[in-house]
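Below: the structure, in structure tokens.
Rule-based calculations on the coordinates, nothing more; no lab input. Everything numeric in this text was worked out from a predicted model, so none of it was measured. Note that each Cβ is placed from the backbone with ideal geometry, even for glycine, and that neighbours are counted across all protein chains shown.
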Amino acid sequence: AKDMLFTGRAITADEAHRAGMVSRVVPRDELEDTTLELASHIAKRPMFGLNLAKQSVNHTLDAMGMYTAIQSAFGLHQVGHNHNFRLHGMLVDPSGIDVIRSEA
């Protein structure tokens, strides 16, 4: 995962799927129908059970340090933007803009 952070490269949906970042990949022209079908399926489930499942997953992630990791990443992200704004008057370092755009 650090290679994505250090290079800033975009990844494909298939790469995200292999890395466990998404649960499924569908063709673009099927995305809306697939999403609505999934939402409909979930909406038919008992709300109380869904809430328990969601809380269970969220508490487990918190116990593993996920909340702290997200807060830390967000804070460092803001520090980076503040640093660039003070140095360059913009949220990103202008010397990196072309590199990021060319590889997106």
Please list, short to long, the whole-number percent of alpha-carbon pairs of the chain in consecutive 10 angstrom bins beginning at zero. 11, 24, 32, 24, 8, 0
Please turn the phi angles of the stretch 57-73 into ³J(HN,Hα) values with the Karplus equation 6.51 cos²θ - 1.76 cosθ + 1.60 (θ = phi - 60°), one per residue in order, whole Hz, x for glycine and proline. 5, 4, 5, 5, 4, 4, 5, 7, x, 4, 4, 4, 5, 5, 4, 5, 4
Just going by the charge dipole of the chain, with Lys and Arg at +1 and Asp and Glu at -1 on Cβ, which of Ile100, Leu52, Gly75 is farthest out on the positive end? Leu52
How many percent of all Cα-Cα pairs in the stretch 47-104 sit more than 19 Å apart? 57 percent
In a Gaussian network model of the chain with springs linking alpha carbons closer than 10 Å, the residue among Asp29, Asp62, Asp14 that fluctuates most is Asp29
